[in-house]
Structures are given as C-alpha cells and as structure tokens.
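Have a look at the structure below before the remarks.
The values are calculated or read from the model by the stated rules, or taken from the named source; none is laboratory data. In this text the structure is predicted, and so the values were computed from the model without any measurement. When we count neighbours, we look across all protein chains shown, and the Cβ atoms used for this are built from the backbone with ideal geometry, even at glycine.
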Amino acid sequence: MSKENELVNVPHQILEEAYKAGIEADGKNRSGTFFHVNQSTVYSRVNEFFQGKIELMDTKEALKKYSWLGEYMWKLVDKDKDEFTRKVAEDFSGGYFMRIMPSAEIMFPLQSCLLITQKNLEQRVHNIIIAEEGSKAHIITSCVQHSTVPKASHLGISEIYVKKGAMLNFTMIHQWSENTLVRPRSAAEVADKATFVSNYVCMRPVRDVQMYPTAYCNGEGSTVSFNNILYGHRGSLLDIGSKAVLKGKSSKAEMVSRAIAREGSKMIIRGLIDGSSPDCRGHLECRGLLIDDDAFLQSIPELVARKKGVEITHEAAVGKISEKEITYLMTRKLSRDQAVSLIIRGFMDVSILGLPDALKAEIKRIVEASAEAS
Amino acid sequence: MNILEVEDLSVKVEDKLTLKGISFSLKSGESHILFGPNGSGKTTLVGALMGLPQFEITSGKITFMGIDITSKSVEERAKLGMVTSFQNPPEITGVKLADLLKLCLGKSATDAFSEEEKALIEAFRLTEFSNRDINVGFSGGERKRSEVLQSIFLKPKLMLLDEPDSGVDVESLRLIAGEIQRYVERNESSTLIITHKGDILEYVKARYACVLLNGQFHCFTEPMKIYENIKKLGYEECVACSRRVTEGWKFE
C-alpha cells in the first residue's frame with residue numbers, strides 16, 4: 001500500500017471529480033482527509049490542529065495497531081447477510097478507520113473519498129467509525145467513479161459506533177456513473193444520550209444502488225436521523241431504505257426523504273421504524289416528485305410498535321409538481337421552466353441535513369450544480 | 001387613458017359559467033374598488049385577468065396597455081406589468097421568501113437587498129420570515145403582507161389585489177394599504193382592489209367602485225357611498241337602487 005503525504009500526488013482530474021462530490025482538495029477546512037483509490041489507500045492525514053483529537057487511517061492498518069478493533073468488525077453488520085457482505089468478508093482492500101477521541105469537538109469536517117478509476121473493478125471496503133464518549137464531529141464521505149470508467153461495482157461495509165453523549169453527523173455523497181452497481185451495507189449503534197445523523201445525497205445517474213442502513217438506538221435518550229436527497233434520472237435504479245430500531249428508553253428516530261424521479265429512473269424509498277421501548281418516538285416523512293411519465297416512484301413506510309406507548313407516525317406524498325405552485329411563480333415573472341427548476345431546487349432542500357453553515361453551503365452547491373446540469 | 005379594457009368577458013370555472021359577458025375599463029393611475037358577496041365572481045375576475053389556467057375564458061377580449069392579452073400566458077402578462085396577490089398562496093417547500101422577493105425585484109439569489117428594500121421588508125415585518133419557506137407556517141396576516149410586498153417589488157403597472165385587507169390586524173392594514181397608496185402615487189400605476197371592508201378606503205384613495213353580483217357588474221359610484229349602502233341595505237338592495245349601471249365601469 002502506498003501512502004502519500006501530499007494530496008498533490010493524487011491526479012488532478014481525480015481531485016476535480018472529488019471536488020464535485022464535496023471533497024476539498026487542499027483540505028484546509030477539513031480536520032482530516034482520507035483517499036482510497038481503487039484498491040489502496042493513497043492518502044490519509046489528520047490536520048495538524050486536530051492531532052490527538054482524531055485518528056484516521058486505513059482499516060487494515062488500524063486492525064494491526066489495535067487488537068481491540070476486531071470486536072468492532074462485523075458486529076453490527078452480519079457477515080452472512082447477503083452475497084455482497086460475504087464477498088467483503090472474504091477479501092477487502094481496506095477502507096477508512098475514523099475515531100473521534102473522547103470529548104473532542106471537531107469544528108471542521110473529516111473528509112473521505114472512495115474512488116474508482118479502474119475498469120470493471122469491484123471495490124470492496126470496510127469502514128469503521130467510532131465517535132467516543134462526548135465527542136462531536138461531522139464527516140463527509142464521497143464515493144466517486146471517474147467519468148471515463150465504463151463499468152464497476154462498489155461494495156462497502158460501514159460500522160458506526162456513536163458512544164455515550166456523542167454527536168456524529170455523517171453525510172455520504174454518491175457520484176457514481178451510469179454503469180455502477182453499488183451495495184453499501186451500513187449499520188450504527190447509538191448509545192445513551194448520543195445522536196447520530198446519517199445523510200445520503202445522490203444526484204448523479206447511477207446504474208443500481210440498493211441500501212438499507214440500520215441504526216440501533218440502544219441507549220437511553222439516543223436519537224437517530226436519516227435524511228435522503230435523491231435525484232433519480234437517466235435510468236437510475238435507486239432502492240434506498242433507512243431502518244431505526246428503537247430499543248433504548250426515550251429513544252427517537254426521524255427520517256426525511258426527498259426524491260425526484262425522471263427520465264426512466266426507478267426509485268423505491270423505504271423506511272422502517274421499529275419501536276420496542278414504551279416511550280420511544282419516531283416520525284417518517286417521504287416526499288417524491290415525478291417529473292415525467294417514464295419514471296417510477298414508490299414510497300414504502302413501515303411502522304412497528306412492540307410496546308404500548310410507542311408513538312410512531314409517518315407522512316408520505318408522491319406525485320407531480322403542483323400546477324398551482326408553477327402558476328404562482330409565473331405570476332412573479334418566471335417562465336414555466338424557471339418555475340419548475342426553482343421548485344425542484346427548493347424541494348431538494350439541504351436544510352434537512354442538519355449541517356453547519358459552511359458545509360451546508362457546499363452541499364447546496366453540489367445539489368444545485370447537479371440539478372442544473374441535467 | 002385606460003390601462004385595461006375588458007369586452008364581453010365570459011369565464012368558466014370547473015365547467016360553471018361564473019362571469020357572464022362583462023365589459024369594463026380601468027383608468028390609468030387610479031385605484032378601483034370591487035365589492036361583492038362571497039361567490040359573486042370577484043376572484044374569478046382577477047384570475048381571468050391574470051391568466052391563471054383554472055379560469056377559462058370562453059368569450060371576450062382583454063386589452064392591457066393597448067395590447068390584446070386574451071391568449072397570453074401568465075408569465076407574459078406579468079412581464080407586461082400586471083400582478084396579482086393571492087388569497088390563498090401555495091406553500092413551496094425549500095423556496096425561501098427572501099429568494100422569491102429577490103426574483104420579484106429581478107435580482108439573482110446571490111444579490112443583496114438594497115437598504116431601501118431592506119427597510120421595506122422590515123416595515124412589512126417580514127425580516128424574520130425571509131429565511132423561511134414561502135408561506136409555510138405563515139399566518140393569514142403574514143401571507144397578506146408577503147403577497148402585497150411581492151406585488152410592490154414587481155413594480156407593476158396594474159395591481160390586482162384580492163382582499164389584501166381580510167384577516168389582517170388594524171396595524172397591518174394601515175401599513176399594507178398605506179404602502180399600496182404610496183406605490184400607486186409614486187409610480188402612477190393602477191389598482192383593482194377586492195374588499196369586503198370599508199377600512200381600506202381610509203388609506204387607499206379610490207374614486208371608483210363597483211359591485212359584482214351573480215357574475216355581473218351592478219353599480220358604479222364612489223366607494224364610500226357603495227360601502228355605506230351595502231352596510232345599510234345589503235348587496236341586493238344596493239343593486240336595485242337608482243344608480244344601477246348595467247355596463248359597470250366604462251371610461252371613455
């Protein structure tokens with residue numbers, strides 16, 4: 001495994017693609033940066049200012065360094081879940097290990113980029129994130145396939161531990177290409193008074209993504225939020241779910257999905273909140289806009305109550321853009337196309353992701369650029 | 001000079017003929033008040049003038065500033081200088097009030113408001129709403145203030161205001177009506193204001209008023225006189241009175 005100290009050694013073209021997916025090339029406004037290209041980690045560095053507060057390295061290296069880390073592997077995700085987990089269990093090329101030290105508050109986000117530049121590659125990674133007690137951090141992770149690569153697949157296992165009183169906001173941005181098969185398998189464990197926010201943004205066309213990340217809210221007063229901003233176009237198949245298992249006393253789950261489907265894209269948005277603590281709360285919101293008749297959009301919310309006192313609700317709406325909204329904006333001198341584009345941009349509102357202002361502005365830029373370009 | 005000429009206009013809403021062959025004109029630089037009970041066709045009239053698609057014009061002609069706009073789109077009418085405020089404006093998720101106000105002013109989202117614009121937003125007590133999704137969770141009064149402010153920012157030649165005074169408190173009414181009047185005076189623009197109440201007449205200087213009943217114009221005189229009559233005698237009596245003018249507003 002080669003590891004470079006300077007990002008300049010990462011080809012310029014790759015950095016440019018990564019930038020479009022939220023990766024800051026110079027890493028100045030990041031607490032740490034991690035690059036895994038094809039089957040090797042090429043860059044992993046913690047910003048000077050955050051030394052001692054964060055650990056960031058390849059998972060394989062971390063496994064060598066820490067004997068205890070073995071316990072965190074395959075604890076939340078079942079090795080035998082499906083053919084994809086079995087493949088990664090068999091052999092993987094690394095992945096990121098991120099650890100936010102106890103009580104550390106990381107103002108700048110940690111960034112990670114998983115890249116595919118090699119034709120027909122099946123990238124297999126295993127990521128571990130540990131937010132230690134009382135820590136606070138934002139992570140932005142981008143998965144990018146170089147636009148010249150015709151066909152590839154990505155299998156990624158992520159196991160995330162949010163310990164007592166910690167806050168972790170994890171934003172994943174996918175920029176695959178029209179021939180990528182993507183199978184992330186993620187799960188998180190949320191401890192007492194801890195908060196886990198999992199955001200997923202997918203704006204570029206992709207062949208096929210199927211994922212159903214799960215959060216186990218085992219801790220008392222633990223909270224999870226799953227937020228999705230999904231733009232399905234050019235035949236993309238997106239089957240995106242989120243699952244929250246509320247076991248902890250007073251645990252809470254919130255799920256918000258905004259989906260736009262057009263140009264032959266097929267989207268299934270699933271959500272499952274399973275409440276087994278008598279005072280747990282959950283709410284699921286899914287809104288989908290169908291832009292043309294060639295696309296397909298399905299929302300499947302599932303609510304499970306196992307104890308009386310469980311309070312879980314959902315609201316879902318799928319359909320076309322409201323004519324009333326379009327006309328209203330046209331009375332404000334907008335053309336029909338401008339009105340539609342404004343409604344779409346507003347619909348994919350990044351405010352739902354709960355990000356700090358600077359990061360929010362960056363994600364907004366990515367979302368709007370993709371919406372404009374299509 | 002007349003800013004608007006309407007000839008023999010009939011309008012259908014959901015297959016029901018709501019306006020039946022009405023003709024009238026609106027004068028440049030003047031405010032016109034339109035009275036009428038609920039369901040009389042006032043909102044239909046405003047919607048048809050603006051070209052909103054749910055109002056189907058089955059016959060007649062609308063001429064705005066000398067241009068036949070009968071078959072023009074909402075956007076074209078707006079660009080020519082016509083604006084309407086909505087009684088029930090839609091909520092649009094993720095579109096911030098500030099962004100819409102900037103669009104009304106012809107600015108892009110990255111442009112800043114001028115000091116004067118900021119002061120007007122503040123006067124309309126909308127500063128704290130600028131970063132909120134348009135109309136989402138706005139009260140009735142907040143919606144009215146937002147609608148009128150947007151209308152003013154669009155710098156129209158003709159404002160069609162559908163009950164800008166309903167559901168607003170006394171202070172807001174003074175503000176909204178005062179700003180409408182100020183805009184009209186400064187820009188020599190015209191208004192057509194639908195109202196049920198006389199209070200707005202204290203602030204908006206209007207010389208002409210009319211009653212719309214059962215899809216037709218019925219009276220044509222000073223606003224306060226009509227208002228007093230309606231209060232005393234009701235709409236039906238007002239229509240039956242001696243000042244009945246079947247042609248409605250007609251300025252030569």
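What to note about this one:
- Beta carbons closer than 6 Å, at least 6 apart along the sequence or on distinct chains, pair a first residue in the range A:317-339 that is more than 7 Å from chain B (Cβ to nearest Cβ) with a second that is of a type outside the set (A, V, I, L, M) and outside any helix (DSSP H, G or I) for A:ALA317/A:ARG287; A:VAL318/A:GLY288; A:VAL318/A:SER299.
- Filter result (exposed (fewer than 14 other Cβ atoms within 10 Å of the Cβ), within 25 Å of the chain's Cα centre (by Cα) and at negative phi) within the range B:103-126: B:GLU116, B:LYS118, B:ALA119, B:GLU122
- Residues located in the range A:340-366, provided they are more than 11 Å from every other protein chain (Cβ to nearest Cβ) and either touching a helix residue (DSSP H, G or I) at 6+ places or on another chain (Cβ under 6 Å) or part of a loop (DSSP other than H, G, I, E, B) (or both): A:GLY354, A:LEU355, A:PRO356, A:LYS360, A:ILE363
- Flag if A:VAL149 is within 19 Å of the chain's Cα centre (by Cα) and among the hydrophobic types (A, V, I, L, M, F, W, C): no
- Any hit, the range A:268-283, residues being of a type in the set (Gly, Ala, Ser), touching a Leu at 6+ places or on another chain (Cβ under 8 Å) and within 14 Å of chain B (Cβ to nearest Cβ): no
- Considering residues of the range A:230-257 that are more than 25 Å from A:THR85 (Cβ to Cβ) and at pLDDT 95 or above only, the residue surrounded by the fewest Cβ atoms within 10 Å (Cβ to Cβ): A:LYS249
- Of all residue pairs spaced 6 or more apart or on separate chains, those with beta-carbon atoms under 7 Å, a first member in the range A:196-216 that is farther than 14 Å from A:ILE268 by Cβ and a second member that is among the aromatic types (Phe, Trp, Tyr) and part of a strand (DSSP E or B) are A:VAL197/A:PHE170; A:SER198/A:PHE170; A:SER198/A:PHE226; A:ASN199/A:PHE170; A:MET203/A:TYR231; A:ALA215/A:PHE196.
- Filter pass, A:ALA295 being under 23 Å from A:VAL206 (Cα atoms) and in contact with a strand residue (DSSP E or B) (Cβ under 9 Å, 6 or more places away or on another chain): yes
- A:GLN145 being without any contact (Cβ under 8 Å) to a residue 40 or more places away in the chain, more than 24 Å from A:PRO102 (Cα to Cα) and of a type in the set (S, T, N, Q): yes
- Counting only helices (runs of 4 or more DSSP H) that sit completely within the range B:51-167, those holding 3 or more residues that are in contact (Cβ under 8 Å) with a residue 40 or more places away in the chain and within 12 Å of chain A (Cβ to nearest Cβ) correspond to B:97-104, B:140-153.
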